[in-house]
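First the structure, in the form of structure tokens, and then the observations on it.
The values are calculated or read from the model by the stated rules, or taken from the named source; none is laboratory data. Computed from a prediction, not measured in an experiment: that's the story for all the values here. Note that each Cβ is placed from the backbone with ideal geometry, even for glycine, and that neighbours are counted across all protein chains shown.
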Amino acid sequence: MEALKIGILGTGVIAATLADTMNRMPGVELYGAASRSLEKAKDFGERFGVKRTYGSYEELVADPEIELVYIATPHSEHYKNAILCLEHGKHVLCEKAFAVNAAQAKEMIALAEEKKLLITEAMWVRYMPMAKTLRDVLDSGVIGEPMTLTASLCYLIDKIQRLVDPNLAGGALLDVGVYTIAFASLVFGDEITSINSAVIKTESGVDSQNSMTFCYPGGKMAVLNSSIHVLSDRRGIIYGTKGYIEVENINNFESIKVFDEKRRLKETYTRPEQISGYEYQIEASRKAIREQRLECPEMPHHVTIRMMETMDALREQWGIRYPFE
């Protein structure tokens, strides 16, 4: 079968990782890359052997050769970039956070469904083999009933301008906190019965550090922390009635360790060799398109929407509203 031709909107760090990954994958072709600056697009194209480069996003989506567009732009741009792609008949793989709020996410998904096009969130962890491994371990009952989890994802990245700029939907929540929410979703699902939280804001008014406690049916609870101002161990721990699980790096599971009721290590699962980790979401998108699916089963639309609704509720508690909302 002919390789899926992919275009990238944006030429930043994530776009570079994606380009390198695609060049090492079968079944896909990195066909195009676009930037608002043609010079940047050309430089990017030379680095990664991109067939065509464009000085505007409009030019890329007008190219009939491109089937799938990866949106690797700032959070604030995802909605209008996705709408542009869909209006031009392109399938979309959109970097997390999928949108700025749930209303945008619902519009994006509704338009994709109307156009009979795939749109999916690039929540890369959900596509990885280790996500299935974790679910299999939980479903086996080895730690009994999972009742509580903790997860922390914090990086020293507050000097990156876009992350503190409210005009670009900056803040810890949409950039790194979303991964802690995705981790809790993978374990406990999306029926949250209550949300309590605390926040510390930057001078610009976005969240620098946050702490979130979610309660779920059956007395289950998730305690989550994220920050762009400190460094954390990136670990997730799931506590059950017969033992517990430690996940090393919830942002790209490196290992899953299973402990029994006496806190003895019983089993260790190690991440398989990978290109970058991005290959799984690209391959899932390719497969879904070839099968004429409108969503990827690894990251269904209802999960994306529920996570956006959760982040909307958190920002409402914190009094954070972006200027363009």
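A few points about this structure:
- Pairs meeting the criteria (first residue in region 250-267 and polar (S, T, N, Q), second residue assigned to a strand (DSSP E or B), beta carbons under 9 Å, at least 6 apart or on different chains) are ASN251/LEU153; SER255/GLU246; SER255/VAL247; SER255/GLU248; SER255/THR268; SER255/TYR269; SER255/THR270.
- Considered as a group, the residues in region 1-59 that are within 19 Å of HIS88 (Cβ to Cβ) and hydroxyl-bearing (Ser, Thr, Tyr) include one that is surrounded by the fewest Cβ atoms within 10 Å (Cβ to Cβ), and that residue is SER56.
- Top-ranked residue of region 173-219 - restricted to ones that are touching a Cys at 6+ places or on another chain (Cβ under 8 Å) and surrounded by 16 or more Cβ atoms within 10 Å (Cβ to Cβ), ranked as nearest to ILE320 (Cα to Cα): GLN209
- So GLU316, is it modelled with pLDDT of 95 or more and either on the phi > 0 side of the Ramachandran plot or not in a strand (DSSP E or B) (or both): yes
- Test result for SER227, closer than 23 Å to THR120 by Cβ, of a type in the set (Ser, Thr, Tyr) and crowded, with 19+ Cβ neighbours inside 10 Å: no
- For region 243-250, the count of residues that are under 22 Å from THR310 (Cβ atoms), in a strand (DSSP E or B), touching an Asp or Glu at 6+ places or on another chain (Cβ under 9 Å) and of a type outside the set (Ser, Thr, Tyr) is at least one.
- Positions within region 284-313 being buried (at least 19 other Cβ atoms within 10 Å of the Cβ) and assigned to a loop (DSSP other than H, G, I, E, B), in sequence order: GLU295, CYS296, GLU298, MET299
- For region 175-182, the criterion of being over 28 Å from GLU295 (Cα atoms) and not aliphatic (A, V, I, L, M) is satisfied by no residue at all.
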